Amino acid sequence: MKIALFSSLNVIRGVALGTIVSGLAVATVATPIDAFAATDTTPAHHVHKKHAKKAVSADQPDKTAAADAPAKAGKHERVRYTMHGHGRHSVMHRVAFEPRSPTAGQAFGLQETPEGVALRSNVAFVVDQNTSEVLFDKNSTSVVPIASISKLMTAMVVLDSKEPLTEQIEVTDEDRDYIKHTSSRLRVGSVLSREDMLHIALMASENRAAAALSRYYPGGRPAFIAAMNAKAKALGMNDTHFESPTGLTSENVSTARDLVKMIDAAYQYPLIRKFSTDRSYDVYPGRGVLAYNSTNALVRNPSWDIGLQKTGFINEAGECLVMQATIHGRPMAIVLLDSTGKYSRFADATRLRKWLDDFGGQRITSADAGGRGT
């Protein structure tokens, strides 16, 4: 009898506590998200700053903010809510969350995938480089932001200038990111050779390196950007436009079809092939050694034969990846743009390769393959 009564009391207590916690959770969820993002009225002892995470571009290898990085406002904090009662307290945590805005591709409704391969990239294009045969086409004519994929064009313009690769280049305030306010391990005042700047810009997507390279171009950065657009035009990239050497602006746009032309052109530069596919590289900017790693996990996978690659990410572009890779003895250009999820572009590349393995690369296209881009 006592056991039955004790069990009943436990059930009643559990239901009551669950009701209280549920009511508090509902009240918490009902709080407008802007209240968490814009204000911080929680007492200091309730805020656990050690759990707060800083948002940075997924394409950037520089996870630690440099000392000269600009301060950021509006950080979301993890908040601890404590409920006291009868000598006990219950704790639950809530993190303010603000959904990411739709990418340009999502806004244009590019989510549909051709039958045969389930991809998370809204734009995908695979071409046999020997025959120019299109093997896979998903929204290849859609004009979308390309983020740091732009650095392939940056590299070509740098090498076309024939400026000495041994020339020492210094990072200044002009090379800081005033668009996205991303951080960098390459501090203001760092000095590297043009070759080293090019190496880490391609392999590790170092934005300040790309920015410094453009500033040291004859005529400065405006002349460099003009040269990028002139090169694109010369390559027949008619739906492509550049506004920065880094790709941090959403005004750097292109199509998958145009990017295949850029891949083909960049592949003709041995240094671009070498630097973009290196796994790691150390530089000496004047304050110790900086060890950089590739932003592309696939270059460390021995099952892939990659001759050239570049990753990219900004919110407006999503996760992007372009590669030249040899599959079944066939050199192929692969373009994946506007993917969701940090590793989805690499997973999509693997899905496409498996599809080529299973179906022998039979041609598959989307409805807009023959039409104009958005």
Exercise for the section: Would you mind computing Rg(Cα) / (2.2 N^0.38 Å) for segment 191-272, counting N as its residues? Expected result: 1.08
Fill in the blank from the handout: Between E251 and residues 5 or more places away or on another chain, the pairs with built amide H atoms under 5 Å apart involve none
Fill in the blank from the handout: Residues meeting the amide H criterion for S142 (H placed from the backbone, H to H distance under 5 Å, 5 or more places apart or on another chain) are A256, T374
Problem - Residue pairs, from the table K274/K342; K231/K261; K261/K342; K138/K342, whose Cα atoms sit over 22 Å apart - result: K274/K342; K261/K342
Completion exercise
Which residues qualify? For M332, with a placed amide H closer than 5 Å and at least 5 residues away or on another chain, they are Q129, A325, T326, I327
Exercise for the section: Sort the following peptides by mean Cβ neighbour count (other Cβ atoms within 10 Å, averaged over residues), highest first: 343-351, 199-207, 304-312, 217-225. Expected result: 199-207, 304-312, 343-351, 217-225
Completion exercise
With 0.36 nm assigned to each residue of separation and the Cα-Cα distance removed, K342 to R279 gains 20.8 nm
Handout entry: Fraction of antiparallel bridges per DSSP, segment 104-359 only, in percent to nearest 5
Key = 100 percent
Practice task
Using θ = phi - 60° and the Karplus relation 6.51 cos²θ - 1.76 cosθ + 1.60, list the HN-Hα couplings for segment 119-134 in order, rounded to whole Hz, with x at every Gly or Pro.
Solution key: 10, 9, 8, 6, 10, 8, 8, 10, 10, 6, 5, 6, 10, 6, 6, 7
Problem - Net lengthening on full extension, T350/H241 (0.36 nm per residue, minus Cα-Cα) - result: 36.3 nm
Exercise for the section: Express the relative contact order of segment 104-359 as a whole percentage, based on alpha carbon pairs under 8 Å and six or more residues apart in sequence. Expected result: 26 percent
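Coordinate-derived values only; no laboratory data. Quick caveat, the model's predicted, so the values are computed rather than measured. Heads up, the Cβs are rebuilt from the backbone with ideal geometry, glycines too, and the neighbour counts pull from every protein chain shown.
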